[in-house]
Amino acid sequence: MAKAKDLDKLIRKYALKNAIDYGKADVSSVLGKIIPSAKGMPVPEVRKEVESVVAAVNKMGKSELESEYSPFEKEFDDKARDTAKKTAKPNMELEGATIGEFVTRWPPEPSGYLHVGHAKPIFLEDEFRKIYKGKLFLYFDDTNPEKEKQEYVDADKRDLEWLGIKFDTEYYASDNLEKIYEYAKKLIRDGNAYVCSCSQETIKSARLAMEECEHRKRQPKVNLAEFEKMLLGKYDDGAAVLRFKGDMKSQNTAMRDPTIARIKKTRHYRQGTKYPVWPTYDLAAPIMDSINGVTHVLRSKEYELRDELDTTILKVLGLRIPRIHPFSRFNIIGNTTHKREIRELVSKGVISGWDDPRLMTLSALRRRGIVPGAIRELALKTGITKADSALPFEMLLAENKKIIDEFAWHLYFVPEPVKLTVRGAKEIKAKMKLLRSGKFGNREYSTNDTFFIPADDAARLKDGDGIRLKDLIDVKVVSKTGSSITVEPSTGATGKIVQWVSDRNYVECSILVPGNLLDKGGNVDPESLRTINGYAESYVEKLEDHEIVQFERFGYCILDDKKKMQFIFISK
């Protein structure tokens with residue numbers, strides 16, 4: 001157990017780290033780091049100290065925060081590096097895993113769309129399945145009828161197929177309620193669970209005060225009868241819950257008689273109104289893992305306090321206990337992955353949907369031109385580490401660029417076009433490579449004396465300046481009048497190379513440019529999605545929806561809607 005003075009230093013260290021990673025320290029995140037070192041100390045007292053330190057850290061300016069964090073930076077970096085050596089590509093190992101005896105599962109709750117944070121465990125599990133010649137199951141944790149929809153199940157399957165993940169089998173918690181009920185009854189008969197009819201407010205305050213509920217002392221046969229009434233639908237929503245008999249004096253709040261089943265008569269997307277009682281994750285997940293032969297559970301460290309509860313439930317039921325591996329999911333700075341927040345933004349029309357290109361959902365990344373291989377590479381590089389991973393989006397874009405550069409068409413786009421007339425120009429046959437390597441041949445155009453160039457390039461030109469119309473001719477500026485420029489061919493002219501389109505061969509188009517959805521204050525940035533209008537060379541009419549191009553000197557883009565000729569900017 002850490003001494004009070006040492007604990008204060010530890011709290012400050014993790015609060016500083018949390019603020020550096022996310023821009024603002026979070027009480028729950030810091031508390032989760034501290035609890036293992038605070039055994040024997042009352043959790044309310046520890047939480048109060050964490051709240052005080054977090055409040056102080058969050059008042060710091062950027063320079064002060066960086067200065068205070070600097071003594072700990074090497075320690076955190078070294079720890080993350082050491083963990084990555086063992087758990088990240090190419091040296092991936094999983095403690096306790098055995099070749100031929102490895103079984104894991106991916107457990108989405110169909111209450112929203114999958115996001116980039118979910119991709120990390122999916123790819124890690126898939127990679128470990130290959131390494132240990134094991135199995136990977138798709139397990140839908142669908143025991144909350146108020147939030148779950150078939151729409152989300154379908155979206156999850158679509159996203160997983162896009163990622164290239166193939167599962168050995170698929171099953172649903174809601175299809176196994178009868179089995180889970182039987183295990184719940186065993187808990188009750190053995191005196192390890194009881195029905196409680198206290199209000200949620202009473203339960204919450206008693207757990208905080210470490211006080212036992214009056215229903216805890218009832219005989220198993222009474223509790224069993226009450227549970228049967230719950231199953232028969234004799235109670236309304238919220239009138240009673242089933243609680244696991246843990247330890248109300250435990251410093252781990254998850255062990256203080258948690259609710260493991262509750263009444264919810266809302267129609268379920270898959271089971272309809274067949275079942276009025278629904279198990280919580282803490283009851284359903286460990287039972288489903290054990291009876292389906294799962295040997296290793298990879299899950300976010302946010303569940304770490306619940307590890308003790310899950311293993312205790314399996315122990316008293318006499319079921320096999322899988323090995324749990326907590327890790328940190330990676331998050332992208334300047335964005336949100338919280339389903340509730342995204343649902344609210346969609347319902348209010350602040351964003352266009354779950355595939356809005358500013359989001360980090362997998363459907364949004366797919367629409368934006370991020371390829372699965374880039375996400376996989378980043379996930380495997382970060383490995384199974386518990387160090388928080390708040391990554392800039394640029395890291396994902398860098399991995400993406402390595403892949404899309406191999407196949408992206410190389411074309412010209414002129415943003416905010418300005419007319420350029422070449423005095424005395426003759427018809428020229430332009431011939432340009434489709435890719436730098438030229439392996440996909442050329443595109444050809446017939447030009448005359450009228451072209452369009454980008455407004456930014458035009459604004460910098462002065463009379464007498466020389467420029468190079470890329471892959472075509474050298475010209476010299478003769479005059480500028482308003483938004484029109486007149487030039488003449490000049491073999492001796494030297495100057496900036498600019499991309500262009502001919503007035504014979506262009507298509508009007510627009511490019512959506514997504515930025516960070518949230519500003520530094522955590523609010524939606526109204527400038528996070530801009531539109532740039534311009535002309536693209538007519539070759540773009542040969543593209544199919546979702547094809548990726550590199551508009552030279554502008555960036556990589558994906559064709560989002562061919563009818564509208566709308567692209568989405570990917571990266572430089």
message: Only one of 237, 282, 289 is within 25 Å of residue 34 (Cβ to Cβ) and of a type outside the set (Gly, Ala, Ser). Can you tell me which?
response: 282
- prompt: Among 89, 59, 120, which is the only one that is at pLDDT below 95, in contact with a helix residue (DSSP H, G or I) (Cβ under 7 Å, 6 or more places away or on another chain), part of a loop (DSSP other than H, G, I, E, B) and charged (D, E, K, R)?
  reply: 89
field: Subset of the range 189-236 that is in contact (Cβ under 8 Å) with a residue 60 or more places away in the chain and in a loop (DSSP other than H, G, I, E, B) - its residue that is nearest to residue 259 (Cα to Cα)
entry: 192
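For the range 235-244, give me the residue count where each residue is more than 20 Å from residue 141 (Cα to Cα) and crowded, with 20+ Cβ neighbours inside 10 Å. Break it down stepwise before answering.
Taking the range 235-244 and keeping what is more than 20 Å from residue 141 (Cα to Cα), we get 235-240.
Add one more test, that the residue is crowded, with 20+ Cβ neighbours inside 10 Å, and what stays is 240.
Qualifying residue count for the region: 1.
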- prompt: Taking only pairs six or more apart or across chains, which ones have beta-carbon atoms under 7 Å, a first residue in the range 478-496 that is under 12 Å from residue 421 (Cα atoms), and a second residue that is among the β-branched types (Val, Ile, Thr) and surrounded by fewer than 16 Cβ atoms within 10 Å (Cβ to Cβ)?
  reply: 486/478; 487/478; 488/478
Scan of the range 362-400 for residues that are part of a strand (DSSP E or B) and either touching a Cys at 6+ places or on another chain (Cβ under 7 Å) or among the small types (Gly, Ala, Ser) (or both), ordered by number: 389, 390
- prompt: Looking at this structure, is residue 13 of a type in the set (Lys, Arg) and either modelled with pLDDT of 80 or more or in contact with a Gly (Cβ under 8 Å, 6 or more places away or on another chain) (or both)?
  reply: yes
statement: Note on the range 501-558: residues over 20 Å from residue 351 (Cβ atoms) and of a type in the set (Asp, Glu) are 503, 508, 537, 541, 544, 545, 547, 552
statement: Picking from 155, 206, 193, 225, the residue that is under 27 Å from the mean Cα position of the chain (by Cα), small (Gly, Ala, Ser) and at pLDDT 95 or above would be 155
query: Within the range 237-248, which residues are in contact (Cβ under 8 Å) with a residue 40 or more places away in the chain and under 25 Å from residue 286 (Cβ atoms)?
result: 240, 241, 242, 243, 244, 245, 246, 248
query: Among (1) crowded, with 19+ Cβ neighbours inside 10 Å; (2) in a loop (DSSP other than H, G, I, E, B); (3) modelled with pLDDT under 95, where does residue 350 come up short?
result: (1)
message: Cβ-Cβ distance below 6 Å, separation of 6 or more or different chains: which pairs start in the range 339-352 with a residue that is closer than 13 Å to residue 147 by Cα and end on one that is not hydroxyl-bearing (Ser, Thr, Tyr)?
response: 339/112
- request: Considering each of 444, 488 in turn, give the residue that is over 49 Å from the mean Cα position of the chain (by Cα) and either assigned by TED's automatic domain parsing to the domain that holds residue 538 or assigned to a strand (DSSP E or B) (or both).
  value: 488
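The values are calculated or read from the model by the stated rules, or taken from the named source; none is laboratory data. Please read these numbers as outputs of a predicted model, since none were measured by experiment. No Cβ is skipped: glycine too gets one built from the backbone with ideal geometry, and neighbour counts run over all protein chains shown.
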